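Here's the structure, in structure tokens; my notes come after.
Only the coordinates and a few stated rules stand behind these numbers; no lab work does. These figures come from a predicted structure and were not determined experimentally. Every residue, glycine as well, gets a Cβ built from its backbone with ideal geometry; the counts of neighbours run over all protein chains shown.
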Amino acid sequence: MDNLTHSLLGLAAAEGAWRLSQRRILGARNNGKTGANPDMPPNLTFRGALWLASFFANNFSDSDVFLHGLIPGRLGPLLQHRGYTHTLAGVIPGVILTLLMVAGWLRLRPVPRKLSRDEWRWIAGVAVFGIFLHLFADSWNVYGTHPFWPVSKRWIYGDFFFIAEPWVWMTFIPALFHASHGRDLPGKTGRAILLLLFVAALCAIWGLGFVPPAIAALLTLYGAGLLAWFLRKRARREPGAPISTSFVLLALILATFFGFGAGARSTMKRVAAGFPRAKLHDAVLSPLPADPLCWMVILVQTEPDPSGETAYVLRRGLYSAAPAVIPAERCISPRVITGLARLVPVVAPGMVTAIASPQQMYWQGE
């Protein structure tokens, strides 16, 4: 996923850890455990340390961008990204660097602060969870991960979520804006940054051309509605947990895209079988940003060429899960359709057209 998504998920996880830790501390005070001062205010430095640790840990795996130069040319980013730091082997270095980052932040503060041993355990736990959360989120899209290297070289591809998903932005920015109060790291500066991110996300949704205007309008209403609702609950001091609500909404969003993706994959397997001379090796699927109805498709196949040799063929197209709502050809603006390879028209057999009509499957070329 993009680093904005990783950062938002990480900060939300940190806030969730903070609230859970405060519940345990409050429980200890109420039970009269030794050392539990009932009048002691929350340690906001600890809260800021959790936010910083989770932010860093959830972005650590993408530090492999500094390894791209080990292999010159275009192959460097292709081979090095989602490499060593996206595996179990990267967990321990990532946690150590995260703890060092937090320790340095604490020492560089105008008034250096110390954390208790229990608070450091929470920070270490958030760091470990953050790295695994990064790997889990990266498994949702077409780029995939191989988290169990060197034990296993198997890659995991979710193929059901776009790498930069606006629904995630519009879900977590309002919740974090609601949560970013206090005098420490997530305070006024945090709210200002989150508000700028909210505006920037809306500009990207409306300006880049990937999101249809109808869905862009729905996203705008969704994000603004969540922000207004969370702020209203805060102003009225009503009970509720925006962070928990956001993770529930994320689960519903993932389930929606996963469901439509399963249907798209089933259809693509039947479409691939409609090319009688071709053997299917993989069907690469990715939804368009914010749109579970429109999918980018690449069929990876082999078939005999005119000389009788076996040739690889990549057939690229757009698939609509609801052609009556939006035909496949209108799923994406022509100005954002780009590619490095020169494509020739796909000659789809009648069997393919019978399985997926031109309104449901628009072939861009092969």
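Assorted remarks:
- Computed over the chain: relative contact order in percent, which uses C-alpha pairs under 8 Å that are six or more apart: 14
- Among the cysteines of the chain, those whose beta-carbon sits 4.7 Å or more from every other cysteine beta-carbon are 203.
- Distance histogram for the stretch 98-192 (every C-alpha pair counted, 5 angstrom bins, percent rounded to whole numbers): 2, 10, 12, 15, 18, 15, 12, 9, 4, 1
- Put a plus charge on the Cβ of each Lys and Arg, a minus charge on the Cβ of each Asp and Glu, and nothing anywhere else: the dipole of the stretch 257-366 about its Cα centre is then about 140 debye.
- Note that the stretch 115-156 carries a Kirkwood radius of 11.8 Å, evaluated over its alpha carbons pair by pair.
- When the alpha carbon gyration tensor of the stretch 206-259 is reduced to an equivalent ellipsoid, the three semi-axes, largest first, read 25, 17, 7 Å.
- Scanning residues 5 or more positions from residue 156 or on other chains, those with amide H under 5 Å from its amide H are 145, 146, with H placed 1.01 Å from N in the peptide plane.
- Out of every Cα-Cα pair that the chain contains, those further apart than 41 angstrom amount to 23 percent.
- Calculated from backbone phi, Karplus (6.51, -1.76, 1.60) coupling profile of the stretch 253-265 in Hz, x at Gly/Pro: 5, 4, 5, 5, 5, 4, x, 5, x, 4, x, 5, 5
- Each principal axis of the Cα atoms in the stretch 231-310 has its own extent, and those three values, largest first, are 75, 17, 16 angstrom.
- Max mean-square fluctuation residue, GNM over the chain, Cα-Cα springs under 10 Å, options 106, 288, 133: 106
- Backbone HN-Hα couplings from phi across the stretch 136-152 [Karplus 6.51/-1.76/1.60, Hz, Gly and Pro as x]: 5, 5, 5, 7, 7, 10, 6, 6, x, 9, 10, x, 9, 5, x, 5, 9
- Cα-projected label distance for residue 310 with residue 203, points at 7 Å along beta-carbon direction, nm: 5.1
- Share of pairwise Cα-Cα distances greater than 25 Å in the stretch 246-366 is 26 percent (whole percent).
- Both radii come from the Cα set of the stretch 121-276: Rg as radius of gyration, Rh as Kirkwood radius; their ratio Rg/Rh reads 1.04.
- Label-to-label distance for residue 195 and residue 111 is 2.7 nm, based on points extended 7 Å past Cα in the beta-carbon direction.
- Taking other C-beta atoms within 10 angstrom as a stand-in for reagent exposure, 113, 342, 47, 154 fall in the order 342, 154, 113, 47, fewest first.
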